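What follows is a short report on a single structure.
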Amino acid sequence: MIPGFADRRRFNDLSEQEILALAISSEEDDARIYRAYADKLRPEYPASAAVFDGMVVEESEHRRRLIDLHVARFGDVIPLIRREHVAGFYARRPVWLVENLGLERIRDEATRMERDAQRFYELAASHARDAATRKLLGDLAAAEAGHSDKAASLAVTHLDGDAKSTEESAAYRQFVLTWVQPGLAGLMDGSVSTLAPIFAVAFATQDTWTTFLVGLAASVGAGISMGFTEAASDDGKISGRGSPYKRGLAAGVMTTLGGLGHALPYLITDFWTATSVALIVVVVELWAIAWIQNKYMQTPWGRAIFQVVLGGALVFAAGALIGSG
């Protein structure tokens, strides 16, 4: 038996009272999640926070109506039953796995939450044999569909064109500051700074395995250094650049990848074939850097290409000359 699954109840085995109790606990959980989203978004996205505040009110109202129905049919004692007690019941992702992924991700998660609940109740209603249970599940499915409609109307109320545009611009800027900027710095450092040691060793030894090992060491070492430097240089609270751990991860990973790009070809045993492939990879890396600068940093194409190509050519020339000498 799989631990934890043996103790779960099947939905078909639940009584109508337990189904109602399950709906009540689900409404409580969803209201808490929406409240957490609202608090997370309020400082930077007040209009979206207002949408989630409205959804909290809706969830609380549905919970109150469900409790009133339970009291009228079964009394004041509500059985303790939650999603995790029922096999196959839809799960909610922990808030901390979603709230740091950005505005659009949070909106998408809220939509998924409502649709999951609606689909589950509709499917359960279609399989229920008892007429009263079928009606109850159908009512719950309709309530979840109403939640989605209400969320859409709240978005229209609070997110007019200007507010949505402002929030989307702020979210895009935060994405650039937190991920693109440190990632670009890492890619430039890994792609350009490792050119000299890799090609110096390549031309000095013409040993592809030694060149690969030097390139691997230089890439991993530079990635670790860049990652720690980015994370330690700014906690993001004053500059608004976001989590230092995210920035450090972006810088470290991209630095490593930038160096490995032209180190991996030296796994090819023939020196000149490996060097030719490595040079092609360098051209691709430099083009990618120029493209990212143009797309996300608004750097004109001409300037971006000139800066990257000139810098890369100078570093490559230095490495090749040193290695040949």
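Tabulated values for the structure
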item	result
From the options ASP207, ASP160, residue that is farther than 23 Å from GLY252 by Cα, surrounded by fewer than 18 Cβ atoms within 10 Å (Cβ to Cβ), modelled with pLDDT of 80 or more and out of contact with any His (no Cβ under 7 Å at 6 or more places or on another chain)	ASP207
Test: residue in the stretch 294-317 that is closer than 15 Å to TRP179 by Cα and modelled with pLDDT of 75 or more	yes
Enumeration of residues in the stretch 45-78 that are farther than 20 Å from ALA143 by Cβ and of a type outside the set (Phe, Trp, Tyr)	PRO46, ALA47, SER48, ALA49, ALA50, GLY75, ASP76, VAL77
Pairs, first under 20 Å from LYS40 (Cβ atoms) in the stretch 83-95, second at pLDDT below 80 and surrounded by 14 or more Cβ atoms within 10 Å (Cβ to Cβ), C-beta under 8 Å, six or more apart	ARG93/GLU109
Whichever residue in the stretch 69-91 is of a type in the set (A, V, I, L, M, F, W, C) and not in a loop (DSSP other than H, G, I, E, B) and, among such residues, is farthest from SER25 (Cα to Cα)	ALA72
Filter result for LEU321 (among the hydrophobic types (A, V, I, L, M, F, W, C) and under 23 Å from THR211 (Cβ atoms))	yes
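The values are calculated or read from the model by the stated rules, or taken from the named source; none is laboratory data. What you see is a predicted model; the values in this text were computed from it and never measured. Quick reminder, even Gly has a Cβ in these numbers, built from the backbone with ideal geometry, and neighbours come from all protein chains shown.
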